[in-house]
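S.K.: Structure in structure tokens, see below.
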Amino acid sequence: MHFLAPHLLHLIWLSLIPVALYLFRKRARRVSVSTLLFFRSLSREHQESAWLRKLKKWLSLLLTLIVIIAAALALARPASEVGGNTPGAVVLIVDRSASMSAHDAQGRTRLEAAKKLLQDRVRSLPDQVVLSLITFDAKPRVLLSRNRNRRECLRLLAEIQPVPMEGRPDAALTVARRLAELEARSQIWHVGDTALQNTDGLAYAFLDVALASPLNVGITGFQIRQAPLARDRFEAFVKVSAAKSNPGKITSTLEVMLAGRLAQLRELELIPGASTSLILPLEGVRGQRLELRLKTQGDCLGWDDGVAAPLPQARPLVVAWVAEKADPFTELAMTSMIEAGRIEMLKGTPAAWPMKNKPDVYVFEGWLPETWPADRPVIALNPAVSSGPVQLRKLQEPGLPHDSVRSVAPDHPLLFRVTTSRLAVTQTSVLNLGGSLEPLWMAGTEPVLAAGEVNGQRLVVSAFSPARSEQLALLPAFPLLLGNALYWCAENSEAMTDLRALHPGDLLNETGLIQWTEWDGRQFGEITDEAKSGLLSIQRIGAWQSTGRSGTSVLASASETDVPAAATTSSTQPNLAPIVAAAGISDWPFLLLWVVLGALLLESWLFHRKAVF
């Protein structure tokens, strides 16, 4: 046996007080009285021998000592030694990511079921087990570290709420592993809807609280941008996905509201695990609010069904166009974007290189600088020589004509709404892509368009001449391609800040009041946050607006939308039952309290009924 609060054992010294009072009690005195009749009647009623009177006083002292000592021992919380199957410490991991807000037919969320299950398990543990409590969403949080206070653990457990964030359990497992290493016979209990990976070497138990038959369809991708060649026109990219655990084909309805009015209505049919992408053309004034609502009968997760975003008010891109001899088709495409207010042009020749002003994107046509600019993204159109990451072999004039091109990566952002039908190009060089650039267009067996990131710098390279390409002037493919390339390259620039969709868990660099149109899983509502330190951790889904900026926060997580079904069998959960059953509950403090109560009652009976004083 050992004590969980041994520092309280010093209270036993209080038992010296009644001993001292007993040893140094007042002795009887002789007092003269007028008559002895009253005392004689009392002596007849309480006639007893001297040894019995002494025994009762010793019994009274003993009961007093028992009350004091037993109370002190109960406060010190004695506990018996545990068996071999009982854990010395338990690390609790609670998933509170977005999927844990999925509800059953009675409206109970998965997190509510998880808390109820863990509360019952924790109450059945003996007092001496060390508890740690970890929650995770986008990052782990240690709410309780190596503590035997079950009441505090249960209180913290009851306060956990789900958040609209994508869960990242790897970091939580790392923290739990380190806490488990600090105690002997440690176990990790994880409650959630998906078991953790890489648990080899750990005493790991997974408590599955996933729904038996979930049904969910959600928005897993969203991006809005200005149309490259038109004023006051925008394009929204929306990706809708169905969970793999859905019972069958599901029909969903996507409502598109613009400035409070219904703009579009799309009906979608999705088989389990399937996704579909939509391009929504929008026409409106910058700053108007776009709202998307996805409605599905029987949907169990609401946070991935709504998106609110303002039509962006981004400033024009600053483009530095350096060409020895400008191609007329490139000049026409650039001019159309300037007239639409999409770009501001800094035009120059190779003699003016390097430029004093720093643009958002460099466009080199027919020429590449010897010293490669690594501080900005680059679009290299029909380069003549190799430089930096662009390596090529020039073909003889007038180049190699191709009747058609083949799209290798049709889902790449550069090829957004760009069709290759009836498209003929004249190849001017052979590109050596290496491992950093991805081919997008193939002409014959050679790439004529490629894009990628090299050392963190976005790069687009074309190996054809627009002026020599047949029918290219009659098709919108090249202007759209160039506009897409500019937006893709400048995606991380300051000019595109208002076009980027943020996610809960990201940091917003703003000060003052932030006005939100928040999606709570059922409807949109107005709410306000205050960024006091200049940084605000986003905890909401919806459209936000500060003094000079606006933007959107979306869940858009394929892993959270793919709500899993409960496993029919579990290899880790059955091992948990004997561990808890063997632990039992330590009854020593309760037994000692009953001893205190019994001693007090016996002492009271002796004092009032047997005249022990």
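Every number in this text was worked out from the coordinates using simple rules, so none of it is lab data. Since the model is a prediction, treat every value here as computed from it, not as a measurement. Note that we place each Cβ from the backbone using ideal geometry, even for glycine, and neighbour counts take in every protein chain shown.
S.K.: When only alpha-carbon atoms are used, what values of Rg and Dmax, in angstrom, describe the chain?
M.R.: 38.5, 146
S.K.: What does the charge dipole of the chain about its Cα centre add up to, to the nearest 20 debye, if the Cβ of each Lys and Arg holds +1 and the Cβ of each Asp and Glu holds -1? All intermediate terms of the calculation are to be shown ahead of the outcome.
M.R.: Values: 63 positive and 58 negative charges, 944 e Å.
In total the dipole reaches around 4540 debye.
S.K.: Below 8 Å between Cα atoms, with a sequence gap of 6+, how large is the relative contact order for the stretch 398-442 in percent?
M.R.: Rounded, it is 56 percent for the stretch 398-442.
S.K.: Tell me the relative contact order for the chain as a rounded percent, counting alpha carbon contacts under 8 Å between residues six or more apart.
M.R.: Reported as a whole number, the value is 16 percent.
S.K.: Positive end of the dipole of the stretch 361-489, charges at C-beta (+1 Lys, Arg; -1 Asp, Glu), about the Cα centre: which of Ser421, Gln391, Ala467 has its Cα farthest in that direction?
M.R.: Ser421
S.K.: Could you tell me which residue out of His190, Ile93, Gln119 lies farthest along the dipole of the stretch 66-203 toward its positive end? Charges go on the beta carbon: Lys and Arg +1, Asp and Glu -1, centred on the Cα centre.
M.R.: Towards the positive end, the residue furthest out is Gln119.
S.K.: Moving on to the next point. Distance between Cα centroids, the stretch 110-173 to the stretch 426-446: provide it in whole Å.
M.R.: Cα centres, the stretch 110-173 to the stretch 426-446: 53 Å.
S.K.: So, one more: Using r as the Cβ-Cβ distance of Thr335 and Glu283, and R0 as 22 Å, what FRET efficiency do you calculate, to the nearest 0.05? Could the numbers behind the result be given before it?
M.R.: Numbers: r = 23 Å, r/R0 = 1.03.
Between Thr335 and Glu283 the formula returns 0.45.
S.K.: Taking Lys57 as the anchor, which lysines have their alpha carbon closer than 16 Å to its alpha carbon, excluding any fewer than eight residues away along the same chain?
M.R.: Here the lysines satisfying the reach criterion relative to Lys57 are Lys26, Lys610.
S.K.: Under 5 Å between amide H atoms, partner at least 5 residues away or on a different chain: which partners does Leu317 have, H built in plane at 1.01 Å?
M.R.: Ile343, Glu344
S.K.: For Ser537 and His7, FRET efficiency with R0 = 51 Å and r from the beta-carbon atoms, rounded to 0.05?
M.R.: Using R0 = 51 Å, I get an efficiency of 0.80.
S.K.: Okay, moving on. Which entries of Lys139/Lys239; Lys244/Lys295; Lys347/Lys394 have Cα-Cα distances beyond 21 Å here?
M.R.: From the list (Lys139/Lys239; Lys244/Lys295; Lys347/Lys394), the Cα-Cα distance tops 21 Å for Lys139/Lys239; Lys347/Lys394.
S.K.: Starting at the first residue of the stretch 426-439, write each ³J(HN,Hα) from the Karplus equation 6.51 cos²θ - 1.76 cosθ + 1.60 with θ = phi - 60°, in whole Hz, x for Gly and Pro.
M.R.: Values per residue, Gly and Pro as x: 10, 6, 10, 7, 9, 8, 9, 7, x, x, 9, 9, 9, x Hz.
S.K.: Which length gain, in nm to one decimal place, applies between Thr445 and Gln297 when the Cα-Cα distance is subtracted from 0.36 nm times their residue separation?
M.R.: 48.4 nm
S.K.: With Cβ to Cβ distances under 15 Å as the rule, what net charge do the other residues near Lys356 carry (K, R +1; D, E -1)?
M.R.: Net local charge, Lys356 excluded: +2.
S.K.: Where in the stretch 429-453 does the label zone of Gln396 land, with the point 7 angstrom along Cα→C-beta and an amide N cut-off under 19 Å?
M.R.: Once the point is set 7 Å along Cα→Cβ of Gln396, 429-431 turn out to lie under 19 Å by backbone N, inside the stretch 429-453.
S.K.: Oh, and also: Which residues make up the longest stretch of the chain clear of GluC sites (Glu not before Pro) that lie in a DSSP loop with no more than 14 other Cβ atoms within 10 Å, not counting the sites?
M.R.: Here the longest segment lacking exposed loop sites spans 471-613.
S.K.: Given the convex hull over the Cα atoms of the stretch 361-489, what projected area results after averaging over all orientations, in nm²?
M.R.: 7.1 nm²
S.K.: Next up: Which of Ala242, Ser213, Leu481 sits farthest toward the positive end of the charge dipole of the chain, with +1 on the Cβ of Lys and Arg and -1 on the Cβ of Asp and Glu?
M.R.: Ser213
S.K.: Which FRET efficiency value, to the nearest 0.05, do you get for Leu14 and Leu502 by plugging their Cβ-Cβ distance into 1/(1 + (r/R0)^6) with R0 = 60 Å?
M.R.: The formula returns an efficiency of 0.45 here.
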